[in-house]
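A short worksheet on the structure shown next.
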Amino acid sequence: MTKYHIPVLQEKTIDFLQLRDNGIYVDVTLGGGGHTKAILETNRKVKVIALDQDEDAIEETIELKKRNTGRLTILHDNFKNLRTRLALERIKKIDGILFDLGVSSHQFDTAERGFSYNKDSFLDMRMDQDKALTAHKIVNTFNFDQLTSIFFDYGEERESKRIANAIVKARTKKEIKTTKDLADIIENAVYSKYKIKAKSRIFQAIRICVNSELEILKSALKDAIQVLKPKGRIVVISYHSLEDKIVKHLFKYEEKECTCPPGLLKCVCGKVSTIRILTKKPITPGGSEIRKNKRARSAKLRAAQKREDL
């Protein structure tokens, strides 16, 4: 299981979830099952509902499900459908929920998934293999302005226009089929000192676009807070600044009592505080964890607790 995906900040995740006897916990990003396994082993009296849109993840965790019959339910779905899937399971409220965002180690290491510029394969990048949109379609059919916007908005890449222009020119000569094709175009489009970072940012941006990651995240976080019981916990682990900003700003908004402009004598917005933030600053992995798992280096954990009077 650890070969599939090494769980990041596992001890801190368990600490912040504050597992309650007979509680129901949701892991909306099952992956290789590392965090789910830790939850089940830490408290033998809890149940876990786990979701993942990747069929490989579902297949990888079959044995974990068998060992925890009656305690673990695994659902093949995107966390954007969290509330619907919980309703179908006849679950109204939960005690805690975990979001471990981004791409799993397995997805990066499996060449044919097309997530890594270091592994030559077809340009895919879909987390859910049933989706129609692929990285191949984006780089071969999206126009210059669309590509520039994706690279700048999702990759925060300074050379977005230069790279978008290089892609548009290259595909007039031949189809951009593989990760190597794309990586080579980026390599030739930017100055030497920025080549590796540019490739990383562009691949990240395309992946986010293919999977609609940022659009889905905000609404899913709101749904998660709504289904929490009073004093229930939400833990989110993000791996790049765009995800972390969404989590940070949503948590701050949900914690606020009022959003009226300063100077009003009476609140007219009707805003209600729903959570209490538990991490004023994000928790990051220590040096020993980063040495064991280099992909942990960019991880940031934020946690919050549902107000007990709701």
Checklist entry - Among T134, S212, S273, whose Cα sits farthest toward the positive end of the charge dipole of the chain (+1 at Cβ of Lys/Arg, -1 at Cβ of Asp/Glu, about the Cα centre)? => result S273
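For the chain, what ratio Rg/Rh do Cα atoms give with a Kirkwood hydrodynamic radius? Numbers along the way, then the final one.
On the way: Rg = 20.7 Å, Rh = 20.7 Å.
A ratio of 1.00.
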Next on the checklist: Given a 10 angstrom Cα cut-off, can you work out which residue in D181, D130, D223 is the most mobile in a GNM of the chain?
Outcome noted: D130
Next on the checklist: Loop only by DSSP, 11 or fewer other Cβ within 10 Å of the Cβ. Give me the chymotrypsin sites (Phe, Trp or Tyr not before Pro) in region 163-216 that pass, ordered by residue number.
Outcome noted: Y191
Item to check | Three-way shape call for region 181-254 based on the alpha-carbon gyration tensor, with the a/c threshold at 1.5 | outcome: prolate
Checklist entry - Cα convex hull of region 156-310: how many Å³ per residue? => result 183 Å³
Checklist entry - Okay, helix-only estimate at 222 nm for the chain: each DSSP H run of n ≥ 4 adds -39500 (n - 2.57), divide by all residues, round to 500 deg cm²/dmol; what do you get? => result -13000 deg cm²/dmol
Checklist outcome for this item: Violations at 31 Å Cα threshold for listed pairs K131/K222; K92/K292; K65/K222; K245/K292; K45/K271 -> K92/K292; K45/K271
Checklist entry - Looking only at Cα atoms, what is the convex hull volume of region 112-211 per residue, in Å³? => result 80 Å³
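For region 112-211, what is the charge dipole size about the Cα centre, in debye to the nearest 20, if Lys and Arg each add +1 at the Cβ and Asp and Glu each add -1 at the Cβ?
Computed about the Cα centre, the dipole is about 300 debye.
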Next on the checklist: Between 0 and 90 degrees, rounded to the nearest ten: what's the tilt of helix 144-155 against the longest Cα principal axis of the chain?
Outcome noted: 40 degrees
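Please state the equivalent ellipsoid semi-axes for region 234-310: what are the square roots of 5 times the Cα gyration tensor eigenvalues, largest first, in whole Å?
On the way: eigenvalues 216, 33, 14 Å².
So the equivalent ellipsoid measures 33, 13, 8 Å along its semi-axes.
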Checklist entry - Under a point-charge model restricted to the Cβ atoms of Lys and Arg (+1) and Asp and Glu (-1), what is the dipole moment magnitude of region 1-63 relative to its Cα centre, in debye to the nearest 20? => result 440 debye
Item to check | Positive dipole terminus of the chain, leading residue within I62, C260, V8 (C-beta point charges) | outcome: C260
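Report the local net charge at V272: Lys and Arg +1, Asp and Glu -1, summed over other residues whose C-beta lies under 15 Å from its C-beta. Numbers along the way, then the final one.
On the way: positive: K222, K252, K256, K271, R276, K306, R307; negative: E254, E255, E257, E308, D309.
Around V272, the surrounding residues sum to +2.
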Checklist entry - What FRET efficiency comes out for the pair I91/Q146, r = Cβ-Cβ distance, R0 = 51 Å, nearest 0.05? => result 0.80
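Rounding to the nearest 20 debye, state how big the charge dipole of the chain is about its Cα centre with +1 on each Lys and Arg Cβ and -1 on each Asp and Glu Cβ. Don't skip to the end; give the middle numbers.
Values: 60 positive and 42 negative charges, 173 e Å.
Its charge dipole is roughly 840 debye.
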Checklist outcome for this item: Checked region 1-105 against the a/c 1.5 cut and the a/b vs b/c comparison, axes a ≥ b ≥ c from its Cα gyration tensor; verdict rounded
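All of the numbers you see were taken from the coordinates with simple rules; none came from a lab. These figures come from a predicted structure and were not determined experimentally. All Cβ positions, glycine included, derive from the backbone under ideal geometry; neighbour counts span all protein chains shown.
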